[in-house]
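Since the structure comes first, as structure tokens, the remarks are kept for the end.
The values are calculated or read from the model by the stated rules, or taken from the named source; none is laboratory data. Because the structure is a prediction, the values reported are computed rather than measured. Here Cβ is always computed from backbone atoms with ideal geometry, including for glycine, and neighbour counts include all displayed protein chains. Heads up: the accessible areas ignore ligands, DNA and RNA and are worked out on the full protein's heavy atoms, side chains in. Shrake-Rupley method; radii C 1.70, N 1.55, O 1.52, S 1.80 Å.
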Amino acid sequence: MRVEIKFRPSEEGTILPFNYNYDVYAQILEKIAMVSPDIAHEAEVSHADYFTFSRIMVRKRELVPDRGIRVLSDDVSLYVSSSSGELIKAVVEGFIESPVLQLGEAAFIADDVKILREPRIKDGALFSTLSPVVVRTVKLSGDRMKIWDLYPNEETFFDKLRKVMLMRYSAITGSMPEEKDFSIEVVKFKPVRILVRDTYYRGSLMIFRYHGSKEIARFGYDNGFGEKTRYGFGMVKVIDEEPRREDRD
């Protein structure tokens, strides 16, 4: 289930900071806790990532070096997604009850909250990321083990992504999918680096074609592809490739 929240900046010339992921994560938990403390606690302490969210979508903007993004549009959008309907319901009710989203010095007020229609995900669906996909591994560096972020141009990226998705699916649903195999064909990607508290995560904004397990496809759409999705990584949307009616006519 997925919700779109539209916010208006509290004042003209609001500057959205570059690294806001942790603040959004923490405040989503706060909104959930207002409605359901049990769900918020489980989402916070569990090793499984029960939700994901998008980058904050700013339609009209201006880059302010070393500060962030000046919001020039009347509103911005944030998408939150989870396979748990109860969690999404708590997010919606929490933002209705307490509509302020504070990101550094920037404040945004939730004006509209709506549940989005679920898309049909067919084999060969084309996905576009709404937040970067993070896939990590551990490498030996000298005599120490080091966490290493992987990109799609590295062969181990796909093997690790498959393992991560199966582990997350099992942790959240309590079982393995009937069909476990899937593959993705990356059309293009852009590497990005995002600071979450005191840790940098390197991820990939991508367009990719998906083949294989329908269960993993739906799980990835609901909960995000890759790792650390609770911090705003791995959200995707389905690109509609069906010709529009007027184009067919």
Looking at residue 96, is it within 17 Å of the chain's Cα centre (by Cα) and in the same structural domain as residue 52 (by the TED database)? no
Which condition number does residue 217 fail, the rest of (1) more than 15 Å from residue 122 (Cβ to Cβ); (2) open to solvent by less than 60 Å² (accessible area, probe 1.4 Å) being met? (1)
Scan the stretch 161-172 for residues that are in contact (Cβ under 8 Å) with a residue 40 or more places away in the chain and surrounded by 14 or more Cβ atoms within 10 Å (Cβ to Cβ) and report the count. 7
Can you find, within the stretch 135-164, the residue that is farthest from the chain's Cα centre (by Cα) among those that are part of a loop (DSSP other than H, G, I, E, B) and charged (D, E, K, R)? 143
Is it true that some residue in the stretch 201-211 is in contact with a Gly (Cβ under 8 Å, 6 or more places away or on another chain) and open to solvent by less than 40 Å² (accessible area, probe 1.4 Å)? yes
Does the stretch 120-134 contain at least one residue that is touching a residue at least 60 places away in the same chain (Cβ under 8 Å), of a type in the set (Asp, Glu) and outside any loop (DSSP other than H, G, I, E, B)? no
Can we say residue 226 is at positive phi, touching a helix residue (DSSP H, G or I) at 6+ places or on another chain (Cβ under 8 Å) and not charged (D, E, K, R)? yes
Find the strands (runs of 3 or more DSSP E) located wholly in the stretch 1-110 whose residues include 1 or more that are open to solvent by 30 Å² or more (accessible area, probe 1.4 Å) and modelled with pLDDT under 95, and list them. 61-64
Do you know which residues across the stretch 222-244 are in a helix (DSSP H, G or I) and β-branched (Val, Ile, Thr)? 229
